[in-house]
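The values are calculated or read from the model by the stated rules, or taken from the named source; none is laboratory data. Small disclaimer: the values here were computed from a predicted structure and weren't measured. A quick note on method: Cβ atoms are made from the backbone with ideal geometry, for glycine too, and the neighbour counts reach across all protein chains shown. Each accessible area value is taken on the protein alone, full model and side chains, heavy atoms only, with ligands, DNA and RNA left out. Shrake-Rupley method; radii C 1.70, N 1.55, O 1.52, S 1.80 Å.
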Amino acid sequence: MKKQRIIGMFDSGVGGLTVMKEILDHIADVRIIYVGDTARVPYGNRTLEELTRFGEEILTFLISQGAEVIVAACNTSSATALPVLRERFDIPLIGMIEPGARLAVESTKEGRIGLIATEATVRSKAYASAVSKALAKGLLPQDKKLRTAWQHGEQPIVLVKAQACPLFVPLVEAGLSNSAEARGIARTYLEPIAQAEVDTVILGCTHYPFLTPVLREVLGHQVVFVDPALAVVEELQELLYRLDVRDAADTSAVVQSNWRVRYFVSGDPGLFRQVGNTLLHEPIAEVQRISWGE
Ligand code: DGL
């Protein structure tokens, strides 16, 4: 019988649930421990030092709970603290940026990619550099016409506009994703993205899929939204396969458990459950409180 892996996941709040949902929809034999650092949300205007410290505290907790793989289901942490966390922790760690950039390159039809994200993610320029790196490594768009034009040096593929949307996260956390306020703010934030005539937009914050109906309403149907979570699922599947191959000779007893997801938050469990339940198929039954000893 195959070992049921424990995946640790974290975000500043409910955003990472959009990634968790994709994982649960596509990978059957995993269990998840989810941490929402809701006492310290939003992460988007935090410094690198803060984000690194928060990441260290959360990773230490997840590992203590038995996590064998960790998904940083937060673009802000992935774009800033992840390289340091990778050096300090000896555990496979998947971030959002490389998978998201890969999906954007594969999806674009005109080579004009836009990004909406938190201030810290935009400031880091991590997505622009991940797009260039993916292309430098030989990744090609799926669109045949663009692929040929790119290979002949006739059309660039580039992140043409990155827009910070700082009010989106508080709106989502407050359960206001589908409100008139969200619509009004989205119109303002997305204007420069529309002006830049992008054909593809990376949802560069895990909270933003909660806003997809509003974003779609404002930008229209001609723009493709890229949710990095889908590429994170693929990366996770590959990693789990490698771990299974590595452990194939392990004959120790396989422990099966009756829980699928355990939730921990540092802030209000009630609000987390309420907003999370608007997204998930299976209602969140229990949310435990954690504190970071501040
Ligand atoms: N959902 C996170 C991200 O993907 C964090 C957003 C925030 O807390 O500002 O960036």
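Treating only the Cβ of Lys, Arg, Asp and Glu as charged (+1, +1, -1, -1), what charge dipole size does region 1-73 show about its Cα centre? Round to the nearest 20 debye.
The calculated dipole for region 1-73 is roughly 240 debye.
Roll a 1.4 Å probe over the protein chains and send me the accessible area per residue for region 1-64 in Å².
With the other protein chains kept in place, region 1-64 gives 33 Å² per residue.
Taking the Cα centre of region 145-232 as origin, work out the dipole magnitude from +1 charges on Lys and Arg Cβ and -1 charges on Asp and Glu Cβ, in debye rounded to 20.
I would put it at about 140 debye.
Hey, if you put +1 on the Cβ of every Lys and Arg and -1 on every Asp and Glu Cβ in region 2-155, which of 74, 127, 54 ends up farthest toward the positive end of that dipole?
It is 127.
So, R0 is 22 Å and r is the distance between the beta-carbons of residue 274 and residue 212; what FRET efficiency does that work out to, to 0.05?
0.70
Between 285, 38, 210, whose Cα lies farthest towards the positive end of the dipole of the chain when Lys and Arg beta carbons carry +1 and Asp and Glu beta carbons carry -1, centred on the Cα centre?
Most positive-ward Cα: 210.
Rounded, prolate or oblate, given the Cα gyration tensor of the chain, with a/c below 1.5 counting as rounded?
Verdict is oblate for the chain.
Explain nothing, just the number: dipole magnitude of region 47-130 about its Cα centre with +1 on each Lys and Arg Cβ and -1 on each Asp and Glu Cβ, in debye rounded to the nearest 20.
In total the dipole reaches around 340 debye.
Pairs of alpha-carbon atoms within less than 8 angstrom and 6+ residues apart define the contacts here; what relative contact order does region 150-294 have, in percent?
Rounded, it is 21 percent for region 150-294.
First measure r as the distance between the Cβ atoms of residue 151 and residue 285, then evaluate 1/(1 + (r/R0)^6) with R0 = 41 Å and state the FRET efficiency to the nearest 0.05.
The computed FRET efficiency comes out at 0.20.
Ignoring any ligand, DNA or RNA, what whole percent of the accessible area of the chain comes from carbon and sulfur when the probe is 1.4 angstrom?
Looking at the chain in its full context, I get 52 percent from C and S.
Between residue 221 and residue 245, how many nm apart are label points set 7 Å from Cα along the C-beta direction?
Spacing of the two 7 Å Cα→Cβ label points: 4.2 nm.
In straight Cα distance, which lysines are under 26 Å from residue 125, not counting same-chain residues fewer than 8 positions off?
109, 133, 137, 161
Compute the signed sum of charges (Lys and Arg +1, Asp and Glu -1) over the other residues within less than 15 Å, Cβ to Cβ, of residue 209.
Result for the local shell: -4.
Skipping prolines and chain starts, which residues have an amide H placed within reach, meaning under 5 Å, of the one on residue 73, given they are 5 or more residues away or on another chain?
Here the answer is 10, since their amide H atoms fall under 5 Å of that of residue 73.
Report the label-to-label distance for residue 197 and residue 129 in nanometres (one decimal), using points 7 Å from each Cα along the Cα→Cβ vector.
Label at residue 197, label at residue 129, 3.0 nm between them.
Ranking request for peptides 82-92, 240-250: highest mean number of other beta-carbon atoms within 10 Å first, then the rest in descending order.
82-92, 240-250
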